[in-house]
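S.K.: Have a look at this one.
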Amino acid sequence: MMSCFRLTAAALGLGLLAGCATSQSVTEPRQERQAGDWEAQTEQVEAFTSWNLTGKVGLRTPQESTSANLDWRQTPYHYRLLVTGPMGAGRSTLEGRDGRVSLTTSEGRFEADSPEALMEQRLGWSLPVSSLTDWVRGLPANDSDFEMTDDELGFPASLEQDGWEIDYRGWKDVNGTWLPNRLVMTYDDLRATLVVNQWQPLEQ
């Protein structure tokens, strides 16, 4: 149904921001971004390669509109996306490591060359999982051309890459570093919205 959404796999990546470690107790998350914050934290964001993300994904096409819960665990060597709800046809688990990608559903376990192709084949829809690892942090994937615009504070406002347009609609302070918590991604007549409920950094 959505074969036009198959994309070239991009490099995976993400790691935790150390920021300013102090001997005091953890400070409360900041509520407002400031000009210069993004530039000051770029290295931390690029090094942020291990996390567990929980949230919700909404998918809208001319034929339907649906959503699912998402539990995404990412490290430099392995990723696992657990999708539950209508979009995931109940419960689907996408995993990748060492060049191998598998998808487990109620119908069994399946493999393919890329996460995008595997999701398209088995679920009938696909998201750019390989590139999303970078996009979800506010970074472009590193294997193709892109165009990016900034907002008035210097944070990413929109990103165009591989035929997708990503709009950054919200940010959250996670242990001293601002990370996106609402992204709207469009590709032709597909619109996917990712709302992040929690970013949890993982120790490497």
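S.K.: Find the all-direction average of the projected area of the Cα convex hull for segment 91-150, expressing the result in square nanometres with one decimal place.
M.R.: Numbers: hull surface 20.6 nm².
With every direction weighted equally, the projected area is 5.2 nm².
S.K.: In debye, nearest 20: dipole of segment 147-204 around its Cα centre with unit charges on the Cβ of K, R (+) and D, E (-)? Could the numbers behind the result be given before it?
M.R.: On the way: 4 positive and 12 negative charges, 78 e Å.
Once rounded to the nearest 20, the dipole reads 380 debye.
S.K.: On to the next question. Filter the GluC sites (Glu not before Pro) in segment 26-64 down to the DSSP loop ones having no more than 12 other Cβ atoms within 10 Å, then list what survives. Please report the intermediate quantities before stating the final value.
M.R.: Details: sites: E32, E39, E43, E46, E64; in loops: E32, E64.
Those satisfying the criteria are E32, E64.
S.K.: Now for a different question. Under a point-charge model restricted to the Cβ atoms of Lys and Arg (+1) and Asp and Glu (-1), what is the dipole moment magnitude of segment 54-157 relative to its Cα centre, in debye to the nearest 20? Walk me through the numbers on the way to the answer.
M.R.: Numbers: 10 positive and 16 negative charges, 139 e Å.
Charge dipole, segment 54-157, about its Cα centre: 660 debye, nearest 20.
S.K.: What are the ³J(HN,Hα) couplings of segment 150-158, residue after residue, when phi is run through the Karplus curve with 6.51, -1.76, 1.60 and θ = phi - 60°? Round to Hz, x for glycine and proline.
M.R.: Values, residue by residue: 10, 8, 5, 9, x, 7, x, 9, 8 Hz.
S.K.: Additional query: If I take every Cα pair under 8 Å that is 6 or more residues apart in segment 93-182, average their sequence separation and divide by the length, what percent do I get for the relative contact order?
M.R.: Details: 121 pairs, mean separation 12.1, N = 90.
After rounding, I find 13 percent.
S.K.: Mind listing the phi-derived Karplus ³J(HN,Hα) values for segment 52-59, rounded to whole Hz, using 6.51, -1.76 and 1.60 with θ = phi - 60°, and x for any glycine or proline?
M.R.: Values per residue, Gly and Pro as x: 10, 10, 10, x, 9, 10, x, 10 Hz.
S.K.: Once Lys and Arg get +1 and Asp and Glu get -1 on their Cβ, which of T104, A117, W72 lies farthest toward the positive end of the dipole of segment 37-121?
M.R.: After comparing all options, I get T104.
S.K.: Residues with amide H under 5 Å of Q198's amide H, sequence separation 5 or more or different chain, H placed in the peptide plane at 1.01 Å from N; which?
M.R.: Those lying under 5 Å, H to H, from Q198 are T54.
S.K.: Additional query: Take the alpha carbon atoms of segment 30-55, find their center, do the same for segment 146-190, and report the distance between the two centers in whole angstrom.
M.R.: One Cα centre to the other: 12 Å.
S.K.: Taking amide H atoms as placed 1.01 Å from N in the peptide plane, list the residues 5 or more away in sequence, or in a different chain, whose amide H sits under 5 Å from that of K172.
M.R.: Distant-sequence amide H within range of K172: L179, N181.
S.K.: Segment 95-204: D in µm²/s via Stokes-Einstein (Kirkwood Rh, Cα pairs, 10 °C, 1.306 mPa s)? Mind dumping the intermediate values first?
M.R.: On the way: Rh = 15.5 Å.
D = 103 µm²/s.
S.K.: Can I ask one more? Apply the Karplus curve 6.51 cos²θ - 1.76 cosθ + 1.60, θ = phi - 60°, to the phi angles in segment 172-187 and return the couplings in whole Hz, x for Gly and Pro.
M.R.: Karplus-based 3J(HN,Hα) across segment 172-187 equals 9, 7, 10, 6, x, 10, 7, 10, x, 10, 8, 10, 10, 10, 10, 8 Hz.
Bear in mind these aren't lab numbers, they're just calculated from the coordinates by the rules spelled out. Being a predicted model, the structure only gives us computed values, none of them experimental. Heads up, the Cβs are rebuilt from the backbone with ideal geometry, glycines too, and the neighbour counts pull from every protein chain shown.
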